[in-house]
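Structure record follows, encoded as C-alpha cells.
The values are calculated or read from the model by the stated rules, or taken from the named source; none is laboratory data. Please read these numbers as outputs of a predicted model, since none were measured by experiment. No Cβ is skipped: glycine too gets one built from the backbone with ideal geometry, and neighbour counts run over all protein chains shown. For the accessible areas, the whole protein counts, side chains as well, though only heavy atoms, and no ligand, DNA or RNA atoms are used. Shrake-Rupley method; radii C 1.70, N 1.55, O 1.52, S 1.80 Å.
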Amino acid sequence: MNQILAYIGYLILLLNLILFFISFPNQGKAYKFFVLYLGLVFVVQIWAEILIQQKCNNLFLSHFYFVGQFVILSLFYEKILKEEYQKRIVKIGFIIGLLVLAIQYSTDVSLFIKFNLFEIFLTSFILIVFASFHFYNLLNEKKEFYYINMGILMYLCGSTILFLTGNLAIMLHSKFNKMPWILNSFLYIIYQVFILVEWKKSFSNKIRQ
C-alpha cells in the first residue's frame with residue numbers, strides 16, 4: 001500500500017516538475033527557487049528508491065532532503081515576503097538553523113548515517129514560521145503562491161508530527177507500525193496536488209499566451 005502511494009507521489013512530483021520547468025525562463029527568482037526545490041526533491045527521492053531496490057541504506061539521503069528543502073525554501077520565502085522585518089527573520093532563522101545543525105553534526109558525525117529527528121523538527125519548524133508569515137500577508141495582498149504555501153504548511157505540520165512519532169510506531173504491533181509512513185505518503189500526495197493546482201491557477205494561462 002505504502003509503495004503504491006509513494007509511486008503516485010513520485011508521478012505527481014514529476015508532472016509538477018515538468019509543468020513548472022516549462023515556464024522557468026520567464027519567471028522571477030522565487031519561482032525559480034521553487035522549481036529548484038522540486039528538482040532536488042525528485043532527485044533525492046528517486047535516488048532513495050534506487051537504493052531501496054538494491055537493499056542499501058538510504059538514511060543519509062534524508063539530510064540532503066531536509067537540509068536542501070530548508071535552504072531552498074528559505075530562499076524562496078525571502079523572495080516572496082514583502083515586509084522587511086519578515087525578510088530579516090528569514091535571514092536570521094536561516095543562519096541560526098544551519099549553524100545549529102553544523103554544531104550538532106560536528107559533535108556527532110555518526111548522525112550522518114542516522115535519521116536525525118532534531119534536524120527534521122528544526123528545519124520544518126523554521127519553515128512553518130516563514131510559511132505562516134506569508135499566509136498572514138496573503139490576507140491583504142495578492143494571492144501569490146497561495147496554494148503552494150498552503151501545501152507547505154499542511155505537509156510540514158503533518159509530516160513533522162508523523163516523523164517525530166515514527167520511533168513510537170516501531171513499538172506497535174506489526175499491523176500498525178507502517179501507519180505513520182502510509183499517512184505521510186497520503187499527505188505528500190495532497191501536497192503535490194496543491195502544487196499542481198497552483199500551476200493550473202497561476203501559471204498555465206501564461207504558457208498559452
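Is segment 103-113 home to any residue that is touching a His at 6+ places or on another chain (Cβ under 7 Å), under 16 Å from residue 62 (Cα atoms) and part of a helix (DSSP H, G or I)?
The initial filter retains those residues of segment 103-113 that are touching a His at 6+ places or on another chain (Cβ under 7 Å), namely 112.
Next, from what is left, pick out any that are under 16 Å from residue 62 (Cα atoms): 112.
Subsequent filtering for residues that are part of a helix (DSSP H, G or I) retains 112.
Yes, segment 103-113 contains a residue that is touching a His at 6+ places or on another chain (Cβ under 7 Å), under 16 Å from residue 62 (Cα atoms) and part of a helix (DSSP H, G or I).
Of all residues being of a type outside the set (A, V, I, L, M, F, W, C) and under 20 Å from the mean Cα position of the chain (by Cα) in segment 88-105, which is surrounded by the fewest Cβ atoms within 10 Å (Cβ to Cβ)? Just the residue, please.
So in segment 88-105, the residues of a type outside the set (A, V, I, L, M, F, W, C) come out as 88, 91, 93, 97, 104-105.
Retained after the next criterion (residues that are under 20 Å from the mean Cα position of the chain (by Cα)): 91, 93, 97.
Numbers: 91: 12, 93: 21, 97: 20.
Filtering first and then ranking leaves 91.
Residue check, residue 79 against (1) in a loop (DSSP other than H, G, I, E, B); (2) in contact with a Lys or Arg (Cβ under 6 Å, 6 or more places away or on another chain), all met but one. Which one?
(1)
If the requirement is being open to solvent by less than 50 Å² (accessible area, probe 1.4 Å), modelled with pLDDT of 90 or more and more than 23 Å from residue 138 (Cα to Cα), which of these qualifies: 77, 65?
Among 77, 65, only 65 is open to solvent by less than 50 Å² (accessible area, probe 1.4 Å), modelled with pLDDT of 90 or more and more than 23 Å from residue 138 (Cα to Cα).
Evaluate segment 133-149: report whether one residue or more is modelled with pLDDT of 95 or more, closer than 19 Å to residue 95 by Cα and surrounded by 17 or more Cβ atoms within 10 Å (Cβ to Cβ).
yes
Could you look through segment 16-28, keep only residues that are out of contact with any Phe, Trp or Tyr (no Cβ under 9 Å at 6 or more places or on another chain) and at pLDDT 85 or above, and pick out the one that is most open to solvent (accessible area, probe 1.4 Å)?
Filtering first and then ranking leaves 21.
Looking only at segment 33-47, how many residues end up being farther than 24 Å from residue 104 by Cβ and either modelled with pLDDT of 95 or more or among the β-branched types (Val, Ile, Thr) (or both)?
Residues of segment 33-47 farther than 24 Å from residue 104 by Cβ: 33-36, 38-39, 42-43, 45-46.
Those left that are additionally either modelled with pLDDT of 95 or more or among the β-branched types (Val, Ile, Thr) (or both): 33-36, 38-39, 42-43, 46.
Qualifying residue count for the region: 9.
Mind telling me which of the residues 70, 60, 121 ends up being in contact with a helix residue (DSSP H, G or I) (Cβ under 9 Å, 6 or more places away or on another chain), touching a residue at least 24 places away in the same chain (Cβ under 8 Å), closer than 20 Å to residue 39 by Cβ and open to solvent by 40 Å² or more (accessible area, probe 1.4 Å)? Write out each step before concluding.
Values: 70 fails: open to solvent by 40 Å² or more (accessible area, probe 1.4 Å); 121 fails: closer than 20 Å to residue 39 by Cβ.
Residue meeting the stated conditions: 60.
Out of segment 29-47, which residues are open to solvent by 30 Å² or more (accessible area, probe 1.4 Å) and either in contact with a Lys or Arg (Cβ under 8 Å, 6 or more places away or on another chain) or not in a helix (DSSP H, G or I) (or both)?
29, 33
Taking segment 173-207 as the search range and keeping residues that are open to solvent by less than 90 Å² (accessible area, probe 1.4 Å) and at pLDDT below 60, which one is nearest to the chain's Cα centre (by Cα)?
Across segment 173-207, the extreme among qualifying residues is 207.
Can you name the residue in segment 48-57 that is surrounded by 14 or more Cβ atoms within 10 Å (Cβ to Cβ) and over 24 Å from residue 128 (Cβ atoms) and, of all such residues, is modelled with the highest pLDDT?
So, considering only residues that are surrounded by 14 or more Cβ atoms within 10 Å (Cβ to Cβ) and over 24 Å from residue 128 (Cβ atoms), the one modelled with the highest pLDDT is 51.
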